[in-house]
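Structure first, commentary second.
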Amino acid sequence: MASYYVDATLGDDSNPGTQTQPWKTVSKVNSTSFNAGDNIYFKRGEVWRETLTVPSSGSDGSLITFGAYGSGDRPEVSGADVITGWSGPDANGEYYKSGFTTAPNVVLRDGSRISKGTVGSLGANEWGYDSGTLYLGFDPSSYTIEAGQRTSPITINGKSYVAIENITVYGGNNRADTNAAGGNICIYGTSNNITLNNIVSYGCHFSGVGVGGSDVSDITISDITVYDTLGTGIRFASGVTNSTLSSFTVHDCAMLASDDGAGGDGGGIEITSDCDSISISSGIIYNTGAGLTSQGADPGIAVYESTNIDVTKVKIHDCYGGGAYYRSGTADKPSSGNFTYNMIYSNGNASMPGGSILS
């Protein structure tokens with residue numbers, strides 16, 4: 001068992017990776033083969049604008065852990081780049097930056113997502129994109145502008161017995177995999193016994209955490225906060241089994257009007273397509289789905305075509321699509337589970353009454 005350290009400011013990838021001689025990049029971590037029980041620590045207060053692709057599996061009782069060291073804020077892994085060197089205003093009063101080879105799907109101003117509009121008629125709080133050029137409807141000189149450039153900041157594909165803890169992740173630009181639909185953290189392939197603990201995930205194009213695939217099982221997520229996502233905050237899909245979510249806060253997901261129809265689903269938590277034996281407990285969900293006005297929003301918790309989904313001690317309020325429901329997509333795929341000791345209030349709209357629990 002060994003420990004490795006990564007410092008984005010003072011590190012060097014030619015170093016041995018000790019605390020006094022740390023590595024510098026996520027790329028170095030991705031290219032290293034780790035052993036069961038190894039720990040990889042990222043320095044607090046630093047930001048990596050790279051994709052962490054977990055390279056190795058641990059073993060039963062001996063996880064490979066990716067965490068934090070030092071003092072201060074959690075280390076951040078970002079799917080977005082800071083954009084500088086703006087030109088403008090042009091004839092439409094818009095500011096612009098050319099030279100993009102990857103189209104951004106998410107733009108953040110001082111850490112918060114802003115709405116996408118139409119180039120040539122952008123509002124004062126909107127961005128647009130056309131033919132390699134990013135446009136803003138406001139003067140960016142007094143703001144930090146970040147644009148999504150990497151699909152998923154943290155990806156776990158076909159790896160098992162891994163823990164991710166004490167990390168902030170944001171700026172995911174798209175789905176990492178169609179099964180998982182993860183905007184920031186994506187777990188798919190043949191992955192099992194994955195732990196996410198003490199995580200903050202925000203400001204991404206799709207889900208804050210996406211877990212998907214019939215070979216994915218035993219996922220444990222706890223002490224997590226997800227907010228400001230285009231789609232569902234946390235999503236289990238396509239056959240995930242034997243997993244738990246606890247001690248969570250999910251809020252302000254799919255709240256921008258321009259999100260309407262752009263990313264699909266928009267609720268707090270979604271469990272869909274043949275998932276089985278998932279437990280959700282001790283959390284709060286609020287302010288979701290207001291941006292999905294034409295297609296309708298998912299409620300605080302939506303369960304589709306999945307069995308043995310237990311929800312207990314969860315508070316759900318002010319969710320545009322209602323409180324919660326268990327639904328089947330077809331008559332032969334009924335959803336099931338227990339829904340107990342939950343508090344649901346002030347949810348819904350005219351088509352889905354507030355506080356609803358539907359089946």
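Structure data summary
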item	result
Residue match in region 247-256 (condition: part of a strand (DSSP E or B) and touching a Pro at 6+ places or on another chain (Cβ under 8 Å))	no
So S160, is it among the polar types (S, T, N, Q), outside any strand (DSSP E or B) and surrounded by 24 or more Cβ atoms within 10 Å (Cβ to Cβ)	no
In region 96-123, the residues that are open to solvent by less than 50 Å² (accessible area, probe 1.4 Å) and touching an Asp or Glu at 6+ places or on another chain (Cβ under 6 Å)	L108, R113, S115, G117, L122
Tally, over region 325-359, of residues that are within 25 Å of D228 (Cα to Cα), modelled with pLDDT of 90 or more and in a strand (DSSP E or B)	3
Unique residue being over 20 Å from S201 (Cβ atoms) and acidic (D, E) when the list is D90, D81, D110	D90
Set K28, K24: member being of a type in the set (K, R) and either within 21 Å of A163 (Cβ to Cβ) or touching a His at 6+ places or on another chain (Cβ under 6 Å) (or both)	K28
Selection from region 134-157 of residues that are of a type in the set (D, E, K, R), open to solvent by 20 Å² or more (accessible area, probe 1.4 Å) and closer than 28 Å to S71 by Cβ	R150
Any hit, region 77-92, residues being in contact (Cβ under 8 Å) with a residue 40 or more places away in the chain, touching a Gly at 6+ places or on another chain (Cβ under 9 Å), buried (at least 21 other Cβ atoms within 10 Å of the Cβ) and assigned to a loop (DSSP other than H, G, I, E, B)	yes
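The values are calculated or read from the model by the stated rules, or taken from the named source; none is laboratory data. Treat the numbers as computed from the prediction; the structure is a model and nothing was measured. FYI the Cβ positions are ideal-geometry reconstructions off the backbone, even for glycines, and counts take in every protein chain you see. When the accessible area is computed, the model is the full protein with side chains, heavy atoms only, and any ligands, DNA or RNA have been set aside. Shrake-Rupley method; radii C 1.70, N 1.55, O 1.52, S 1.80 Å.
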